[in-house]
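The values are calculated or read from the model by the stated rules, or taken from the named source; none is laboratory data. All values reported here derive from a predicted model rather than from experimental measurement. No Cβ is skipped: glycine too gets one built from the backbone with ideal geometry, and neighbour counts run over all protein chains shown. For accessibility, only protein heavy atoms count, side chains too; no ligands or nucleic acids. Shrake-Rupley method; radii C 1.70, N 1.55, O 1.52, S 1.80 Å.
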Amino acid sequence: MEFFQRFAIPHPSPAIYASMVAIALVSIGIVVGLTYFKKWGYLWREWLTTVDHKKIGIMYLLSALLMLFRGGADAIMMRAQLATPDAKLLDAQHYNEIFTTHGVVMILFMAMPFIFAFFNLIVPLQIGARDVAFPRLNALSFWLFFVGAMLFNISFVIGGSPDAGWTSYFPLAGNDFSTSVGTNYYMLAIQISGIGSLMTGINFCTTIIKMRAPGMTLMKMPMFTWSAFIANIIVVFAFPVLTVALIMGTADRLFGANFFTTSNGGMDMLWANFFWVWGHPEVYILILPAFGLYSEIISTFSGRNLFGYRAMVWSMILISLLSFLVWTHHFFTMGQGALTNSIFSITTMAIAVPTGVKIFNWLFTMWKGKIRFTTPMLYSIGFIPLFTIGGATGVMLGMSAADYQYHNTMFLVAHFHNTIIPGVVFAMLAGLTYYWPKFFGFMLNEKIGKLTFWLLTIGFVLAFFPMYLSGLDGQARRMYTYSEATGFGPLNMLSFVGAALMALAFLAIVYNIYYSYKNSPRNIGSDPWDARSLEWATHTPIPEYNFARLPQVSSSQAFWDAKKKGHELFKGEIKDIHMPNNSGVPFVMSCIFFVAGFSFVFALWVPAVIALIGVFVCMALRSFEQDHGYHIHAKEVKETEAKYGKVLNNEDRSRATSRV
Amino acid sequence: MKIDHAQPLEYSTDQNQLNILGFWIFLGAEIMLFATLFTAYFTLSHRTGSGPTPAEIFEITPVLIETFALLTSSFTIGLGIHAMRLGRKNAMVTFFGITLLLGLCFLGVEIFEFMTYYHEGATYQTSAFTAALMTTLGTHGAHVTLGLFWGTFIIIQVIKRGLTPQTANKAFIFSLYWHFLDVVWIFIFSFIYLKGMM
Ligand code: HEM
Ligand SMILES: [Cu+2]
């Protein structure tokens, strides 16, 4: 009996029981559906074992959307609880669990896979490559992320969710104050997906350094690839810090070590420092690729080259360096001396300078351009003023003396959502709309898209701007309720309405996908937006080998110049193309990782050891394996190309130009 | 697979070059990993609670043996790679074998050392200092252990398949890994042991 009690949820509520039933029903539904439609084989061959960067990108994209809804449900519950004073919807414990899981899911299991999706979908195409440097490692990265996310997500139905905030500060996160297994889930789930992220970082750095098309020097790389490059360098240097911090946190909780305890010499501030040495750069891992997407979109829909290409690149490099030098601004009030605070205050504010440079570059790009107000462009235009406001309040928070006033209030919550939603979420949705036709072969409906944009923007302003006021008025963050007398009621009600509008907007996205799938015309050609970089130079749908012949690049807008100035992109003969074989190992190995993670959470040592041995066996097998991939022969490539009807004359080109 | 004969075997295909670059980047991440561990150790090394201090438990003899074993193994693996470049398979396998034996010797002494700590009342749970010490040493030791397996697999493959672009590539990458562990050990030796004994 005692054994089973470990898996019971410490604070059950009707909502959790309902979710359990829902999870069980959905799982059964999926299994039955797959069996009924005889799709198991298809699923295995085409998806679970794939090493194709495009398919992996799509799987990242779907997971991110799924997690957006999980994190969004948490957000709505929080806003509903806070909408009125003294509300009884959630109790304190449940609220703690929800803000914790909301934060973790949104940052690590929604925003991260979203940008990884774009790395996978776009970077190889944009540099004219056939795949990433290590396709199989890429699949492993995805599956590790995925099982990490799943491990985290089952916490609320098995054993209880983490409740110490997404920052998981010790000693609160230690065994004395976080008694359920929740924080174990936090440590292990993030560890597993973090290993995947690190490998993505290594993979993409290698890809971008070594696999660019002939002629594409660093300073001719498209802006999104640049941003991905820098973000991946940050990944390589930031994630190991998190790995170590999580190992230590796990050791404290499971093995009674004393890293972060308040006795036996432990030091809780060490966690705070390590967490933010990773955590602050993490924010730039998310925002730089978002900037990259905006750059692509703004230059396409302004019909102009990006203004100040070099300044853009250098400002990103500067931001990435500074991002490692500001971490203590997250705990100005936790008792480090005035000198330390001043230094970090200055480095923090310095980041505003290169960021400002970028904002002006986008504005100048639009300045003389002929703007087309498509959905992706609306997001990009909306982003600029909203993000600027978020940046300004960031500078306010960066003043350490003043921070004593707003620290841990809703002002902070308003600030970071104000940067991360217009900055990252808008960029993701803009990118989703922009790249959808390339990957799925049809456009998303523009009317619904624009409606979504307005719902989201208005919802966002209503949801978060009132928090600046209530925060300055003293409403603390992470408080599950407040009394009528505080007067916070009306502002919070407004926030709730905003959050509800945002929820509607997210539903509208799903509806848009469904609607467009049913109604949008196919045969849209390979370049429906009249775009500028190489990913639009290949066919739609993209053949598995991406490019029959690798492009020859001579400018940073290679495809545009090919269309406008008649540069020849594809020269020479079609040759045999080497491709990697599919493999089931990444998937299987990740499942074993899941078992290991789960066993560690509950301190079930026997299965944990068996699973770890399983992981090593997989690695050993990989070491002995001889897998040279296969070749698509030139003849076959030519036949495929002929099916697209344009082996020699790129008919799309004329169609695209004539439409403008 | 296109093989470029102007290059040494381990660099001779495109994929080989990618592998080596990728591994260097991985080593960059490893440097961050150990740097973080060292930071933790330096922050916590004076925080001994009611447990022993570094000076009370460190002993020079086993550490010198470990250092000697590991430094020598770095040298022998260098000889192994040299032999590989000359195409002398048997010499290479021998040197790799010696390398792994030295690694095993290192590991044996380290385990003995951990047991001594344990008997002296310095366990993982004793204090922040002991936890940081054993995590740092343990991470390095776990890397060595993994290396022993990995190296063994590579020796088997070289014996079975000969020196091909693939096996040469694997052996070369393994040697980078092994040298890296040696460099980390030099830091451990100087900044943990020597400093702690002073
Ligand atoms: C979609 C609309 C969203 C709403 C309505 C929303 C709402 C909230 C609320 C009410 C809180 C808790 C404030 C408190 O501590 O009491 C919160 C915290 C947080 N949110 Fe969101 N959020 C949204 C989207 C996002 C997104 C997109 C991200 C990141 C990509 C994000 C990241 C976070 C983080 C990191 C926390 C801190 C969690 C913690 O305190 O441990 N949120 N959010
Ligand atoms: Cu920060």
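Think of chain A as a dipole: +1 on every Lys or Arg Cβ, -1 on every Asp or Glu Cβ, centred on the Cα centre; then among A:439, A:513, A:332, A:439 lies furthest on the positive end. Quotient of the Cα radius of gyration of segment A:50-137 and 2.2 N^0.38 Å, N being its number of residues: 1.49. The mean accessible area for residues of segment A:282-366, using a 1.4 Å probe and ignoring ligands and nucleic acids, is 36 Å² per residue.
Relative to the longest principal axis of the Cα atoms of chain B, the long axis of helix B:128-161 lies at roughly 20 degrees. Placing a label point 7 Å from the Cα of residue A:588 along the Cα-to-Cβ direction, the residues of segment A:43-69 with a backbone N closer than 20 Å are A:43-52. Each peptide in B:188-195, B:177-184 receives the mean, over its residues, of other Cβ atoms within 10 Å, and ordering these scores from highest gives B:177-184, B:188-195. A simple spin-label model places pseudo-atoms 7 Å from Cα toward Cβ; at residue A:23 and residue A:469 they are separated by 4.0 nm. For segment A:485-492, backbone phi angles converted through the Karplus equation (6.51, -1.76, 1.60; θ = phi - 60°) give residue-by-residue couplings of 4, 5, x, 7, x, x, 4, 5 Hz, Gly and Pro being listed as x.
Taking only Cα atoms of segment A:114-260, what ratio of Rg to Rh do you get with Rh as the Kirkwood inverse-distance radius? Radius of gyration over Kirkwood radius for segment A:114-260 works out to 1.09. Surface composition of chain A: carbon and sulfur make up 69 percent of the accessible area, probe 1.4 Å. Which log10 I(q)/I(0) values, to two decimals, does segment A:191-257 give at q = 0.16 Å⁻¹ under the Debye formula with one point per Cα? Values, matching the q order: -0.61.
Enter the mean number of other protein chain beta carbons within 10 Å of the beta carbon of each residue in A:266-273, as an integer.
Mean partner-chain Cβ count within 10 Å for A:266-273: 3.
Among the listed pairs A:88/A:450; A:438/A:565; A:220/A:635; A:88/A:447; A:518/A:565, those whose Cα-Cα separation exceeds 29 Å are A:88/A:450; A:220/A:635; A:88/A:447; A:518/A:565. Between the C-alpha center of segment A:455-531 and that of segment A:223-292 there is a gap of 29 Å. Here the 3J(HN,Hα) profile of segment B:10-16, calculated from phi with Karplus coefficients 6.51, -1.76 and 1.60 at θ = phi - 60°, is 6, 9, 7, 10, 4, 5, 4 Hz, Gly and Pro shown as x.
Taking a probe of 1.4 Å and counting only protein heavy atoms, give the total accessible area buried between chains B and A in Å², rounded to the nearest 100. Using a 1.4 Å probe on protein heavy atoms, the buried area is about 3100 Å². Residue-wise HN-Hα couplings along segment B:162-177, as the Karplus relation 6.51 cos²θ - 1.76 cosθ + 1.60 with θ = phi - 60° gives them from phi, are x, 8, 10, x, 5, 5, 4, 4, 4, 5, 5, 5, 4, 5, 4, 4 Hz; Gly and Pro carry x.
Would you tell me the mean number of C-beta atoms belonging to other protein chains that fall within 10 Å of each C-beta in B:119-128, as a whole number?
4
In segment A:1-151, Cα pairs under 8 Å separated by at least six residues give a relative contact order of 32 percent. Mean per-residue shielding of peptide B:29-40 is 6, counting Cβ atoms of other chains within 10 Å of each Cβ.
Paramagnetic label reach from residue A:343 (point 7 Å along Cα→Cβ; backbone nitrogen cut-off under 18 Å): within segment A:279-315, residues A:280-281.
Can you put A:618, B:105 in order of accessible area, largest first, using a 1.4 Å probe?
Details: A:618 15, B:105 60 Å².
If we order A:618, B:105 from most to least accessible, we get B:105, A:618.
For segment A:43-130, applying the loop criterion from DSSP together with a ceiling of 10 other beta carbons within 10 Å to the trypsin sites (Lys or Arg not before Pro) yields A:88. Take segment A:537-621 with all the other protein chains still there, run a 1.4 Å probe, and you get 45 Å² of accessible area per residue. Ligands, DNA and RNA aside, residue A:497 has an accessible area near 70 Å² when probed at 1.4 Å. Counting only Cβ charges, +1 for Lys and Arg and -1 for Asp and Glu, the dipole size of chain A around its Cα centre is about 2280 debye. Relative to the longest principal axis of the Cα atoms of chain A, the long axis of helix A:92-104 makes an angle of roughly 30 degrees. Amide H to amide H distances under 5 Å link residue A:165 with A:100, where only residues 5 or more positions off or on other chains count and H is placed in the peptide plane. If you take the Cα centroid of segment B:85-154 and the Cα centroid of segment A:116-181, the two points sit 30 Å apart. Along chain B, the longest continuous region that contains none of the GluC sites (Glu not before Pro) in a DSSP loop with at most 14 other C-beta atoms within 10 Å is B:121-198. Projected over all directions and averaged, the alpha-carbon convex hull of the protein assembly as shown occupies 37.0 nm².
Using only Cα atoms, tell me the angle between helix A:634-643 and the longest principal axis of chain A; keep it within 0 to 90° and round to the nearest 10. With rounding to tens, the tilt is 90 degrees. Remark on residue A:477: its backbone amide H falls under 5 Å from those of A:409, A:410, a criterion applied only to residues 5 or more positions apart or on other chains, H modelled at 1.01 Å from N. Please give the net charge around residue A:100, taking every other residue with its beta carbon less than 10 angstrom from that of residue A:100, where Lys and Arg add +1 and Asp and Glu add -1. My count for the surroundings of residue A:100 gives -2.
From the Kirkwood radius over Cα pairs of segment A:1-95, Stokes-Einstein at 4 °C and 1.567 mPa s returns a whole-number translational diffusion coefficient of 76 µm²/s. For chain A, the relative contact order is 17 percent, taking Cα pairs closer than 8 Å that sit 6 or more residues apart in sequence and dividing their mean separation by the residue count.
What's the FRET efficiency of residue A:45 with residue B:149 using the Cβ-Cβ distance as r and R₀ = 35 Å, to the nearest 0.05?
Rounded to the nearest 0.05, the efficiency is 0.65.
Taking all protein chains as shown and a probe of 1.4 angstrom, residue A:268 keeps an accessible surface of around 50 Å².
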